[in-house]
Structures are given as structure tokens and as C-alpha cells.
Amino acid sequence: MMRLEARAPAKINLTLEVLGRRPDGYHEIASVMHAVRLSDHLILELPDVPALSATQGTLALTGETAEIPTDSRNLIWRAFGLFVAAVPALSVERHAPWRAYVQKAIPAQAGLGGGSSDAAATLRLLGEWVSRMGLPTPHLHALASELGADVAFFLNGACALARGRGEQIEPLPALPLFWWVLAKPRTAGVSTAWAYAQLKREAVDQPARAPYAERLLAALAQKAIRAPEDLAPLLYNDFDRPILEAVPMLAAVRQQMLDAGALRVILCGSGAAQAGLCASQSDAQRIADTLTQHGYWAVATPLACGEGIIHTRTEECSDDKNFSPQS
């Protein structure tokens with residue numbers, strides 16, 4: 001079999017505005033998103049012949065695995081299904097199973113996009129594999145949009161403006177390597193549907209303006225963000241007020257992050273993780289250590305910069321080789 005590896009990064013929302021409910025039932029959003037260095041480690045083991053089963057697979061997880069399914073509800077399974085359907089030559093009668101292993105560093109229900117990033121990395125690796133098999137690569141962004149709004153972002157690069165329901169991606173220049181602390185109560189999770197319901201947005205026929213995204217885009221265009229202090233006042237998330245009011249333990253984490261020295265703290269997506277912008281790496285690590293000592297999940301991480309943030313490595317492996325990142 002052929003082994004392919006990738007790093008699947010987390011993301012934070014530098015701005016997130018929910019502009020209204022669309023006729024199709026989704027919400028219209030505008031969000032400037034940026035990848036961070038915190039990432040999952042994905043390994044795929046795929047046949048060394050151009051054949052692949054969408055249903056004969058094995059998915060194993062280690063690390064931050066709480067509340068993450070390994071069956072067909074996982075986006076990795078769905079990515080395999082959509083990819084095989086998009087490449088008819090792969091759908092043959094022969095036995096062609098696959099194996100996937102994810103060393104999870106990104107917790108679930110945190111707003112950090114871990115599942116979406118894993119799915120995007122899966123699509124990227126499958127595209128590389130099918131190309132090596134001499135078959136045409138399907139349109140990965142189309143498949144990503146079917147999987148979910150954030151998946152398309154992770155195929156893009158480090159920074160982008162997401163619009164529509166999140167699937168319309170406009171690449172942006174990456175910001176400098178500012179350091180952040182990401183934190184959440186270990187037992188806290190926020191339902192996306194519940195979070196959107198708290199906003200009570202009216203229906204919209206046409207996209208509304210997104211003033212906070214526009215403000216950040218103007219600063220990027222003017223190259224006015226040179227230090228963390230320049231970025232801090234530009235951060236914004238529509239979910240901050242209703243979620244923190246409804247979930248006191250998240251408000252408590254927010255206050256601890258600010259008291260410890262974070263320049264600005266915002267929710268990651270609709271939560272439950274929060275991202276605190278820090279003046280330096282040492283500040284971020286100190287705050288993360290303090291929060292960890294208080295029982296929270298917390299990490300210090302810089303932004304991820306540059307194109308191709310989903311990194312890949314390929315090697316041959318035997319069918320009986322132990323299936324883990326260390327093997």
C-alpha cells in the first residue's frame with residue numbers, strides 16, 4: 001500500500017459576522033479566517049493500484065478524541081465517498097480497502113475546524129494519490145463545498161475571506177506570525193445550530209454589508225497590521241455577546257485570559273474555544289500554562305503563514321506494517 005501523510009491545521013476567525021437567514025435556510029456570513037500552526041496529523045494508507053472502495057475502510061483516532069465519531073458520521077468517511085463517486089474509474093469490483101489514522105490535537109466542538117481540516121487534508125491526499133495512479137483529479141473545491149463550509153477554506157491557504165454560507169473563498173495575504181493562546185473548558189461544547197438560534201437573525205434576500213470584515217480588509221490592503229497591537233482592535237465575532245451571556249463558564253475563561261495579559265480575546269467560530277491574541281510567544285506560552293494548571297484545555301500557537309499549509313509526505317508501506325504515525 002501507499003502511505004501519505006499531512007498536517008491538518010486549525011483555524012481562527014479574525015472576524016465573523018452573521019448577516020441574516022437565506023432563503024435556503026442557511027445563514028449568510030462574512031468571516032476573515034486564518035489558519036494556525038496547531039494541527040492534526042493525518043495518515044492515509046491507500047492501494048497501490050488505481051482502485052478504491054468508498055465503504056471498505058478503517059478510521060482510527062488518538063489524542064483529543066472526545067465526542068468524535070469514527071463511523072460514517074466522520075467527515076473523512078464522507079470525503080472518501082464523494083471522492084470515489086467523482087472518479088468512476090476507481091469504482092471496481094476488486095477488494096480495495098483504505099486505512100486512515102488521525103493523531104488529534106484539535107478538540108471537537110471548539111470552533112477550530114478540526115473535522116473540516118481533516119476532511120480537506122483527506123481530499124488533498126486523495127488527489128495526490130489518484131494523480132500518481134494516472135487518473136484525472138476531480139475538482140477538489142467542489143467536493144469540499146459539499147462536505148461543509150470550512151472545508152473549502154482549508155484547501156485554500158493560510159488566510160481568506162469566507163462569504164455565502166462559508167464556501168465562497170477569497171484568498172488574502174497571510175498575517176505575520178503573531179502568537180495566540182487557544183483555550184476552552186474540557187467539558188464545554190457549543191452546538192452550532194443553538195448558537196445561530198441565539199442571534200435571532202432576520203431573513204435576507206441579498207447579502208448585507210459586513211463592516212468588520214471590510215475594516216480588516218482595508219487594514220490588510222494598506223499593510224497597516226505590523227504588530228499584534230495593530231490587529232487587536234480589528235477582531236470581532238457576532239457570537240461573543242450571546243454565547244458568553246448564555247454560558248458563564250466561557251465568560252470566566254475569557255476573563256482569566258484577559259487578566260493574564262491577552263491583548264484581545266474572541267470566540268473561535270461559535271465556540272467553545274476562544275482565541276487570545278498575545279504580544280509575544282512568551283506571553284502566549286505563559287497564559288496557556290496558567291490555564292492548563294487551572295484545568296482547561298489550552299495551547300500556545302502562532303498563525304500559519306504561506307501557501308500549501310496542508311503539508312504532505314509519501315512513502316511505500318507493506319500491508320502488514322503497524323498502522324501509526326511512528327511506524
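Here, each number is a calculation from the coordinates, and none is a lab measurement. The structure presented is a predicted model; accordingly, all values stated were derived computationally and were not measured. As a convention, Cβ positions derive from the backbone with ideal geometry for all residues, glycine included, and neighbour counts pool all protein chains shown.
Within the listed set Arg124, Arg209, Arg165, the residue fluctuating most in the Gaussian network model of the chain (springs between alpha-carbon atoms under 10 angstrom) is Arg209.
Any chance you could run the full-extension gain for Gln255 through Thr70? It's 0.36 nm times the residue separation minus the Cα-Cα distance, nm to one decimal. Each step should come with its number before you reach the end.
Values: separation 185, 0.36 × 185 = 66.60 nm, distance 3.52 nm.
Answer, rounded to one decimal: 63.1 nm.
Charging the Cβ of each Asp and Glu at -1 and of each Lys and Arg at +1, and nothing else, the dipole of the chain about its Cα centre rounds to 400 debye.
Summarising the label geometry, the points placed 7 Å from Cα in the beta-carbon direction at Lys200 and Ala89 lie 5.7 nm from one another. Taking other C-beta atoms within 10 angstrom as a stand-in for reagent exposure, Leu44, Leu38 fall in the order Leu38, Leu44, fewest first. Every helix of 4 or more DSSP H residues in the chain counts as -39500 (n - 2.57), and over all residues that averages to -9000 deg cm²/dmol at 222 nm. FRET efficiency for the pair Thr62 and Leu135, taken as 1/(1 + (r/R0)^6) with r the Cβ-Cβ distance and R0 = 30 Å, rounds to 0.40. Beta bridges assigned by DSSP with both partners in the chain are antiparallel in approximately 85 percent of cases. Extension gain for Ala224 to Ala193 (0.36 nm times residue separation, less C-alpha to C-alpha distance): 7.6 nm. What is the percent of Cα-Cα separations in the stretch 174-302 that go past 20 Å? Roughly 49 percent, rounded to a whole number. Straight-line reach from Lys200: taking Cα to Cα under 12 Å and skipping same-chain neighbours fewer than 8 places apart, the aspartates and glutamates in range are Asp238.
Build a GNM of the chain with springs between Cα atoms under 10 Å apart, and of Lys223, Lys184, Lys11 the one that fluctuates most is Lys223.
Across the stretch 182-195, rounded Karplus estimates of 3J(HN,Hα) from the backbone phi angles (6.51 cos²θ - 1.76 cosθ + 1.60, θ = phi - 60°) give 9, 8, 7, x, 5, 9, 8, x, 10, 5, 4, 4, 5, 4 Hz, Gly and Pro being marked x.
If the segment from Arg241 to Gln285 were pulled out straight at 0.36 nm per residue, it would be longer than the present Cα-Cα gap by 13.2 nm.
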